[in-house]
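**Q** Sharing a structure with you now.
The values are calculated or read from the model by the stated rules, or taken from the named source; none is laboratory data. Just so it is clear, the model here is predicted, and its values are computed rather than measured. Note that we place each Cβ from the backbone using ideal geometry, even for glycine, and neighbour counts take in every protein chain shown.
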Amino acid sequence: MLSVREGTTLMSTEKLTRREMLKALGALAGFGALSRFLAPYVYAGASPQPPIKIGLQAHRTGIGAVYGKWYERTARAAVKVINAQGGIAGRPVELIVEDDGTDPKRGIEVVEKFALEHRVDFIFGTLFSHVVLSSAPRAGELKIPYLVVSEGYHVASGKLNRWTFQPGITDVRAQVTAIAPWIVRNLGKRIAMIFPDYAFGYDHRDFFSAAARKLGAEIVALVPIPPTETSFTKYFPRIPRNVDVIYHVMVGPAVLTFVREMGEFFGQRRPKLFGFIDSLEGVDLASPGLEYLEGSYLWEALPRYAGQYNTPWEKQYREAVGVDANGASKTDPKDVSTYSHMFGVWETLFVIKEVVEKSGYRGPKDYRAFVETLEKIEWFEEGLAHPQGPKRFVGKIHQAFGQQFISQVVGRKLKVVHRTKIEDGMYKPEADYTKQPL
Amino acid sequence: MTFVSQLVLALLEGTVSGFILALMSLGLSLVFGVMRIVNVAHGEFFMLGAVLAWWITTATGSFLAAVIVAPLAVMGMAIAIERVVLRPIRYSPGATIVATLGLLYLLQQMTLMLYGPEARAVTPPLGGTIELPWFGYARYKLVLAAVAAVLLLATWGLVRATTLGLRMRATQQDPEIAQAFGVPIHRVYRAAFALGAGLAAMAGVLVVPVQQAHYLMGLDGLLLSFMVVILGGLGSIGGTVIASFLVGWIDGIASIFFTPTVARIAASLVVALVLVVRGGGLFGES
C-alpha cells in the first residue's frame, strides 16, 4: 500500500512539472511546426490530454471473421501511425474493439455498448451489409457518427441516416459502373451473372446489368445463390452454352467449391470469367481448386501483389500493416489478407483525424461540426492517409468515389491490366442526407 | 442444356449429397435412437473431421492418413465428451440439449482460435473429371459416393449382425429391461456416441477435397440432418438413408425448375407434409 501511495505522489509531482513544460512547448508551437515533432514525446509521459476514443465494430467471429481479423490489424497499424504523428488534434487515439459476431442483432448491442458504456467519440469499421443495415439506425438514434467500410450501396442510396458515412471505400454501384465498359469491350457482350441471393448480390445484379445494357451488352442469365449453399454444380445448367462471359461474385468460405465445380462443369469449353476479389479475400490464389481461375479476370480495389500499384504510400501502408509482397501476413505466408477492403479501415481513421482537426471537434457536443465539416469535404488527396488513391467525396450521399483495378490471374498471381478513373464510377446522387435534421 | 441432361445432373448431385447427408444423419439418428438424446453439437464432429483432415493431409501429404486418423481422433474426443459431459447430467434430454449447445460453441470457437477463420481446401486424392456429352463431372465425387455407400452398409451390418449391434437395439427398445438382462448400457451409450461422431467426422473428411474446411461448416449440415432424421423416423437406419436421398433429390431437382430458395422451401414443405400424415416419420413408430 505504502509504495502505491508513494508512487501516486511521485506521479502527481511529476505531472506538475510536465504541465509547466507543456506551457513552454505550447508557446514554442505557436511559432512553427515544432509541436508536430515533439508531440509523440509528450504522449510518452503522463498524457496531458484525454484520448479520442474510437470504437471498431469488428467481425471477430462468425462468417466475417477473416475480414474481421484483418480489419483489426489494419486499424491497430493506422492508430500506431496516427499516434506517432502526434495523435488527432494533439490527442492520442485509443482504439476499443468489440466483436459483433457478424450478427445483426449483436451489431446493435455493440453500437449501444460503444455509445453508452465505453463512451467512444466515433464508431467505425463495420463490413457486412446486414450488420450495417441493423446497426446504422441505432447509431442514428444515439446520435453518434458511424463510419462504415462496407462497400454496400446502402449508404449512398439514402436508406440510412445522417450519422452514417462511408468515406474510406467505394460502393458496389460505383465499382461495377466503372468496370462495365472494360468487360463489355474486352470480354464480350453476352453475359451471365452469378451472385449471392441477398442485398449485396442485388446491388451487383441491378447496377451491373444497367451499366452493361447501356453499353449494348445482353444479360443472358441471372443466377442468384443462397448464402448458405455448399454445392454449386446444379446451378451451372442455367447458364446458356453460348455466353461470352460469366460474371461471378461470391462471398463466404464456399468459394473454393464454387470455382472447383465451375472448372469441372465447363472444363475447357469455358466462357471468359470475370469475378470479384471479394470471393477470394483471405484465400491464397495457389489453393488447390483455384487452378481454373488462371487467365481469368478479377476486380480489385487495391492490388494484392506488391508493385502492381507502385506508389510510395502503398509501400508504406503495406509495411505498416505487416503485409508481404504476396498480400499475406509477414509472419505467416498462409495467412492471406483482405487487401481490397481493409485499406478502407486505414483511410477511414485518417478521415476521422482530418475532420476532427478541421472542425475543431473536442467532444460529443461538437458532433454537428464534425458531421457538417465531413459533408463539405470534396477531395481526399492521395498520400499515406489514402494509399488506395485519391477519393472524391460526395457529402450529399456520404459516399467516397475512387479508382478501381482489373487484374488478370497469371501464374497464380494477380497482374493489373486496367485502372479506372474516378469519374468512371461516378453516378448522379439519388439522396441528400444534408437535408436531414441532426 | 437439354431437359434430360439437366435431370441427369440433378440426380447425380442429389445422390452424392444424399450420401454425405446419410453418413452425417445416421450418426445423429443412432445417438437419438439408442441414447434418446438430441446432440446439437453433432455438426461440429463433421467440422472437426474436415479440419483434422486438412491438418493431417497438409502435414503428412497423405489423404489416406486423414481418412484413417481423423475419424478415430474425433471418436476419441466423443468418448471423452460422453464421460465428462453427458454422463454427469445422466443423459437428461433437456439438459443434454443445453450442454451440447454449449459444446457446439466451445468446439467452434476453439477451432477458430487454433485453426483460424479461413476456408482451406485439400487436393482431391483422385483428380480429373468424367466428360459426359453435356458436362464434366468430378471423378472424386463418384468415389466419395462409393466409399459412403460402403460405410453405410458396414454400419448397417454392425447394428444388425454383431453383439454390440444387438445390445444397441436392445437398449433402443427398452434400456431398463436391457440392463436387467445384463447389457452394459453405459458402454453401449459410449459406443453409440463414438460411432455417431465417427460417422459425422468421416463425412467431414470425405467432403474436404470437394468443398473446404471451415470452422462454421458444422452448421450447414446440422439443419438438413435434423430434417432427414425427423423425416426418416427417429432412430431408424433405413429411414434415415432413404430420407437423405429424398431430401437430396428434391433439393437437386427443385433447383432446376425454381430458384434455389424455392427449392429449400419445397424440401421443407415435403418434410412438413410427411409429418402431418405420419407423425413418426416415414419409418418411425408414430
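**Q** Please determine, by comparing only the residues of the range A:69-115 that are of a type in the set (Lys, Arg) and assigned to a helix (DSSP H, G or I), which one is surrounded by the most Cβ atoms within 10 Å (Cβ to Cβ).
**A** A:Lys69
**Q** Inside the range A:386-405, can you point out the residues that are surrounded by 21 or more Cβ atoms within 10 Å (Cβ to Cβ) and more than 19 Å from A:Pro429 (Cα to Cα)?
**A** A:His386, A:Pro387, A:Gln388, A:Gly389, A:Gln404, A:Phe405, listed by residue number.
**Q** Looking at the structure I just gave you, is A:Ala286 in contact with a Phe, Trp or Tyr (Cβ under 7 Å, 6 or more places away or on another chain) and surrounded by fewer than 17 Cβ atoms within 10 Å (Cβ to Cβ)?
**A** no
**Q** In this structure, is A:His154 touching a Leu at 6+ places or on another chain (Cβ under 8 Å), of a type outside the set (Val, Ile, Thr) and at negative phi?
**A** Against the criterion (touching a Leu at 6+ places or on another chain (Cβ under 8 Å), of a type outside the set (Val, Ile, Thr) and at negative phi), A:His154 qualifies.
**Q** Here's a follow-up. Do the conditions hold for B:Ala148, that is, is it in contact (Cβ under 8 Å) with a residue 12 or more places away in the chain, part of a helix (DSSP H, G or I), closer than 27 Å to A:Pro288 by Cα and hydrophobic (A, V, I, L, M, F, W, C)?
**A** In short, yes.
**Q** Quick one: in the range B:89-135, which of the residues that are more than 30 Å from A:Phe265 (Cα to Cα) and assigned to a loop (DSSP other than H, G, I, E, B) is farthest from the other protein chains (Cβ to nearest Cβ)?
**A** B:Arg90
**Q** Being of a type in the set (Val, Ile, Thr), outside any loop (DSSP other than H, G, I, E, B) and under 21 Å from the mean Cα position of the chain (by Cα) is the requirement here; does A:Ile397 meet it?
**A** no
**Q** Filter the range B:167-177 for residues that are of a type in the set (A, V, I, L, M, F, W, C) and surrounded by 15 or more Cβ atoms within 10 Å (Cβ to Cβ); which is farthest from B:Ser29 (Cα to Cα)?
**A** By that ranking, first place goes to B:Ala170.
**Q** Restricting attention to the range B:144-158, which residues are within 14 Å of chain A (Cβ to nearest Cβ) and either closer than 18 Å to B:Ala66 by Cβ or not aliphatic (A, V, I, L, M) (or both)?
**A** B:Leu144
**Q** Does any residue in the range A:250-275 that is more than 7 Å from every other protein chain (Cβ to nearest Cβ) and over 15 Å from B:Gly127 (Cα atoms) come within less than 7 Å, Cβ to Cβ, of a residue that is aromatic (Phe, Trp, Tyr) and buried (at least 20 other Cβ atoms within 10 Å of the Cβ) six or more places away or on a different chain, and which pairs are these?
**A** A:Met250/A:Phe258; A:Val251/A:Phe200; A:Phe258/A:Phe232; A:Leu273/A:Tyr297; A:Phe274/A:Tyr247; A:Phe274/A:Tyr297
**Q** Give me a count of the residues in the range A:217-242 that are surrounded by 20 or more Cβ atoms within 10 Å (Cβ to Cβ) and more than 12 Å from every other protein chain (Cβ to nearest Cβ).
**A** 1
**Q** Give the range A:46-81 a look and list any residue that's in contact (Cβ under 8 Å) with a residue 60 or more places away in the chain and among the hydrophobic types (A, V, I, L, M, F, W, C), or say none.
**A** The answer is A:Ile52, A:Ile54, A:Leu56, A:Ala58, A:Ile63, A:Val66, A:Trp70, A:Ala75, A:Ala77, A:Ala78, A:Val79, A:Val81.
**Q** Which one is surrounded by the most Cβ atoms within 10 Å (Cβ to Cβ), of the residues in the range A:116-155 that are part of a loop (DSSP other than H, G, I, E, B) and either without any contact (Cβ under 8 Å) to a residue 60 or more places away in the chain or not assigned by TED's automatic domain parsing to the domain that holds A:Glu375 (or both)?
**A** A:Val148
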